[in-house]
Structure formats: C-alpha cells, structure tokens
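What follows is a short report on a single structure.
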Amino acid sequence: MLDTAADTKIQNVLSALDRALAERNIEDALALFTEDCYWRDLVAFTWNIKTVEGKAGVRDMLETRLDEVKPRDWTVDDNETPAHADGVTEGFIEFETEVARGYGYIRLKDGLIWTLLTTMHELKGYEEPSGHSRPLGAKHGDEQGEPTWAEEREAELANLGVSTQPYVLIIGGGQGGIALGARLRQHGVPALIVEKNERPGDSWRKRYKSLCLHDPVWYDHMPYIKFPKNWPVFAPKDKIGDWLEMYAKVMELNFWGSTEAKRASYDEASETWTVVVEREGREITLQPKQLVLATGMSAKPNTPSIPGQDIFAGIQQHSSEHPGPDGMEDKRVAVVGSNNSAHDICAALAEAGVDVTMIQRSSTHITKSDSLMKYALGPLYSEEAVANGITTEKADLLFASIPYGIMADFQKPAFDQIREADAEFYRDLEQAGFMLDFGPDDSGLFMKYLRRASGYYIDVGASQMIIDGRIKLASGSEVARLTEDSVVLEDGREIPADVIIYATGYGSMNGWAADLISQDVADKVGKVWGLGSDTPKDPGPWEGEERNMWKPTQQPGLWFHGGNLAQSRYYSHYLALQLKARMEGFETPVYGLQPTHHLS
C-alpha cells in the first residue's frame, strides 16, 4: 500500500471507528460522522439493503444492531490506493462482523465520514469454493467407481421436484433468474428456475427483431463469466439469448423450460411455499422454503384502456408482443409511447419503409449512446476504465457506494456536459416537435431509471429519423379514442392507422404476486421499484432504496429480483447471501424492513 496522506487520513478514521464500536461507545462513533452523513448497508449490518441518513439514522441502526453484528478490524484495503480531490478523501475498505467478512467504500469530508458503504462479501465458514478451494473434479483412489459427473448431474435433474425439493424456487428464467441461479449454485443452495419459454434466452429471442442492448458490454457482464473481449459493444437480442442459454448450461443451472407457475400459497406454520407448476402437460407441486419472483421489470405489460378499442378494425398489440416489421410493409402503424421500445420499434419499421407515427404523450429524456458512454458510463464501464484498473467488480462497488439521496448531485455534472456537447442535436429534436426533458431535477437518465424505470431513450439512431421525418411524430396530446381506422388525440388530430402498438411500459412486479399468490399478498408487499423521490411516477414517502428489490419483503419467504443486466449481476450476490444464511440457520433479524406503500 502506498503511504499517502489519503490512506493515512482514512485509516485514522477507521481505527477510531473500530475502537468506538468495539467499546460500544456510540457517541464516539457518531462524532466521526458529518451531520449530513449517509451509511448504505448491503446485508452486512442490517440483513437488508438499507441506507440510513444523518446522525440520527446512524445512531438508531447502531443502537439496534451493534451488539449482534460485532464489527471489527476496519482497515484500508492494502491493494487499493485512496484518493483525495475536491475536498473529499475516499477509498476501499475492509472489515469483519461476527458472521461475515465485509468490503466497502468510504468518503470523508473535513476529516469526517460523509458516505459509508458496507457490504457482506462472504459468510464465514460458507465461502464460495473458488481459487485454492475449487473442487478437484477428477476422482481417483477410493473414489474410483463412483458415479461420474454426468451421472450425478443426470440423477440430480431426475430427482429434483420429485424426491427432492429446491430450497429456492425462482420464477422467471431471464438474466435475473439465471444470474441468481448461478450465485446460488456456487453457494450450494438447491435452486430451481422455472420459465414459461422453452429455452434460456427466449425472453430475449422472442422480442421485436431490432432489439439490442443499449448499455455497453462492460456494463452487462454476468456473474463469474464475462463476455469475450471481442464481444460487440451493443449486443443484439438473439446473441444475448444464445449467451444466456450457454451460460445456464455451463453453470449447471436447474432450469425447467416450457413450465408455467399456476398458483402458490404460503404456510406460516411450516414456513414453506406450495407452488403448482405445469410442465409437459401435467401439474407438479413444489414446496420450496423461499420463493423468488424474477419475472423482470419489463414483463407485466401495461396496456391502456382507450375508448374505441373494441371497434378498431386493425391489429392492436403491446410492444412485448410485437415481432418486428415483417408483413407490415403496406400498413400504417401508430406507436403509442416515446421511450426505448417505442423508438426501437419505430426505427425498425421506418427502415423497412413502413408508414409509422410515434405518438408522444409526455416528455422524454434522450441521451445519445456515445455521449452516455463518454460522459456517464465511461469512467467506470469502458475499455479505458479497464485499462485504468477498474474491474467490473470495482466499478459495481463504486457505483453502489453513492447513496441514492445524493446520487442526483453526482449525475447532474455528467448530463450537463451531455446537454452542452449535444446542444445542436437537442435543438433539432425540439424543432421537429419532440418534447424533451432531463428529469425533474436535470439529473438525467439514471435517476429516471432508478425512480420510475421509464421516461427515457438511449439513442442509437431513431432520434435522427425523427429529425429527418422518416418517423412521423404526433406530440403533446393524450389519446382520446380510436375509430375503425385511426387514433384520435385529445387536441383533435387524427392519425390514420391499420396497426396500433402500445409501447406503454410495464406494471409493478407485485402484479405477478397478485396473479400467482393473491391480491392480499401483493397489497401486503406494496409497490416494487422506486425510491419514493416524490417525482413523476415515483411517489413518496422517501425510501432511499429500491422498494422490495433484492431484499426481504413484508411477506416472509417472498423476494423480488431483477433490473438491468448490471443490477442482476451485482445484487444477485447479496440476495444469494441472504438466502444462503437462511438455509444454514443463521439468525437474520431484518433492520429497517420497508413499510408498505402504494399497492401497485
């Protein structure tokens, strides 16, 4: 470790924190924090994903959890060099608790703790088998004649759900369910993924033809296996589908395709779920202890109810049902919506020569893909970041270390740069009639995603097609009604249409709980996603974390997992640790379990 003023400053604070917490002297510990401090904890202290804000929040957490957690050995990570800039000293840290080893990140202002991230890295005695502890694989000596790997694997698959039950049942086999399944497999937690599509990756393959990732490859790796160095920056959907299928196979995941979850109920006495699934034409009853809905943030279609839908003579479909432009060459298509899916679909139709109109009902944030890379993602997720020693794991932790309460302040400078660099582009869009915004506080794309998971488009070409008129635009008005062959807007404009595509987004994930379990359970859990920022489509009160995601809910044994590829990768680690701890019988008292707000 380099002997720098920055690491000395951080170590002095950590040593003082170590002493205060060891002596259970909460007042001395609080004296090390700024008044406007933030402590974000991922499982290590709270068995939750929780941010406490201000000294009062830190006090309450320590008073509640300190005696059981017994944190100790706080130190600067010897392998990383802390930094100091703009009045902030920051660096990676290590620590231990009674049951786990932890890792984190700290920021000091005026010599005091401003932000602190603590994460559970591994459970003591239950570390993942890797490196020097990886399994041998080959069988020699006394093990000769034992079943081969292939025979053991075949027996496992044959017995699962028949003579043996999964401890965790994951409903949904997209990237979220597959990433969590891989984590649980490495932790030795018996898990089964059930997916209504036939093959892993079909949730990507079956979307519209032009779909591709809008996030760059460095941001999208799966756990354990990274994309090859020649993988495209923005992978097309079918390539991602094939990767997920390969990944599920080589990671030895228990994956039941063509399997639909029909109903589920929870027995509080035995703390066991009863889940009925239909596979190969017959119903199978599974009894897991833990049930994870990994059905995706973009899987519960939100189709608006519009007068005249019953008399419209053409085709109506949600964007999730739209196959692409094939067969629509002579059609007039109206796409209701103006976010990612709407732009992708409109662009593909326009490229095929189809007469397509985008109906924009409210303003949308647009960021050009290359600008997003350069100014926002590039410092953490790019070829340059890798060259600078910022691994995916390091980048994930750095991003997680920014509390949501101040993340908008971190994001604004990047999007101010983007607005300035692309001023002409934005001017041309507005002159074309497109309604633009940068979020209610000008914090840009990421905050819109975190708050509402909608309201933006990462431009990979469709915006220029709007500017050039290849995609027609009708903006500034809601849809009033449909006729037999048109969409009528509230301002009186009439858009001729043979096909209407509703690119109108998706509902809260607790809608899946309502369908599968009951409306009572869905209401008990409340809204899934959103920070409570009291901005459009993210009603308060302030939660400071994504509601009900990757952490305990008000319904025992029920979990939600999903998000983009990066979130599925990162938070699957902490969800897997929570599930592993419960399987092994750890006491897991949850601090700060979120109250129920907003039923959908």
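The values are calculated or read from the model by the stated rules, or taken from the named source; none is laboratory data. On a predicted model such as this, the values are computed, not experimentally measured, just so you know. Positions of Cβ are backbone-derived with ideal geometry, glycine not excepted, and every protein chain shown enters the neighbour counts. What goes into the accessible areas is simple: the full protein's heavy atoms, side chains included, and nothing from ligands, DNA or RNA. Shrake-Rupley method; radii C 1.70, N 1.55, O 1.52, S 1.80 Å.
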query = Excluding same-chain residues fewer than 8 positions from LYS229, which aspartates and glutamates have a Cα within less than 14 Å of its Cα?
reply = ASP220, GLU383, GLU384
note = For HIS318, other-chain or 5+-apart residues with amide H closer than 5 Å (H placed, Pro excluded) are TYR502
inquiry  = Restricting to bridges with both residues inside the chain, how much of the DSSP beta-bridge set is antiparallel, in percent to the nearest 5?
reply    = 55 percent
key: Table column - 3J(HN,Hα) (Hz), region 129-136, Karplus curve with 6.51, -1.76, 1.60, x for Gly and Pro   = x, 8, x, 5, 9, 5, x, 5
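How high is the FRET efficiency from VAL386 to ALA480, r the C-beta distance, R0 35 Å, rounded to 0.05?
Numbers: r = 51 Å, r/R0 = 1.47.
Rounded to the nearest 0.05, the efficiency is 0.10.
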ask   = Using a 1.4 Å probe on the protein chains only, how many percent of the accessible area of region 1-90 belongs to carbon and sulfur?
value = 45 percent
key: Amide H within-cut-off set for GLY324, under 5 Å, with H built and near neighbours excluded   = LYS209
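Just how many % of Cα pairs in region 148-204 lie over 14 Å apart, if you round to the nearest whole percent? Write out the running numbers ahead of the final one.
Numbers: 949 of 1596 pairs.
In whole percent, the long-distance tail amounts to 59.
For region 419-567, what is the relative contact order in percent, using Cα pairs closer than 8 Å and at least 6 residues apart in sequence? Don't skip to the answer; put the middle values down first.
Working: 167 pairs, mean separation 23.4, N = 149.
For region 419-567, the relative contact order is 16 percent.
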query = Can you give the helix-only mean residue ellipticity at 222 nm for the chain, where every DSSP H stretch with n ≥ 4 adds -39500 (n - 2.57) and the sum goes over all residues, rounded to the nearest 500 deg cm²/dmol?
reply = -9000 deg cm²/dmol
ask   = Measuring from label point to label point, each 7 Å out along Cα→Cβ, what is the THR81 to LYS394 span in nm?
value = 1.1 nm
task = Tell me which label goes with the value of semi-axes √(5λ) of the Cα gyration tensor in Å computed from the coordinates here: [x] 35, 28, 23; [y] 40, 32, 23; [z] 67, 29, 16.
result = [y]
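Let me know the charge dipole size of region 81-139 about its Cα centre in debye, to the nearest 20, where only the beta-carbon of Lys, Arg (+1) and Asp, Glu (-1) is charged. Provide the component values of the computation, followed by the final result.
Numbers: 6 positive and 9 negative charges, 54 e Å.
So the dipole magnitude of region 81-139 works out to roughly 260 debye.
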inquiry  = Considering only C-alpha atoms, what is the centroid distance from region 581-600 to region 44-120, in Å?
reply    = 21 Å
remark   = For the chain, averaging the sequence separation of alpha carbon pairs under 8 Å that lie six or more residues apart and dividing by its residue count, the contact order in percent is 16 percent
message = Cα atoms only: what Rg and Dmax, in Å, come out for region 142-286?
response = 17.1, 55
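Based on the alpha-carbon gyration tensor of region 232-291 and its eigenvalue square roots a ≥ b ≥ c, which shape applies: rounded if a/c is under 1.5, prolate if not and a/b is larger than b/c, or oblate?
Numbers: a/c = 2.95, a/b = 2.20, b/c = 1.34.
Prolate, since a/c reaches 1.5 and a/b exceeds b/c.
Work out, step by step, the length gained on full extension between VAL88 and GLU260: first 0.36 nm times the residue separation, then minus their alpha carbon distance; give nm to one decimal.
That pair, VAL88 and GLU260, stretches by 56.8 nm at full extension.
Could you give the accessible area per residue of the chain, probe 1.4 Å, as a whole number in Å²? Before the final figure, lay out the partial values.
Numbers: 25150 Å² over 600 residues.
Counting only protein heavy atoms, the per-residue value for the chain is 42 Å².
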ask   = Quick one: Karplus J couplings for region 268-276, per residue in order, coefficients 6.51, -1.76, 1.60, θ = phi - 60°, nearest Hz, x for Gly and Pro?
value = 5, 5, 8, 6, 9, 8, 10, 10, 9
task = Extending each Cα 7 Å along its Cβ direction at GLU329 and LYS124, get the distance between those two points in nm, one decimal.
result = 7.0 nm
ask   = Residue by residue through region 211-221, which ³J(HN,Hα) values in whole Hz follow from phi under the Karplus form 6.51 cos²θ - 1.76 cosθ + 1.60 (θ = phi - 60°), with glycine and proline marked x?
value = 4, 9, 5, 9, 8, x, 4, 5, 8, 10, 4
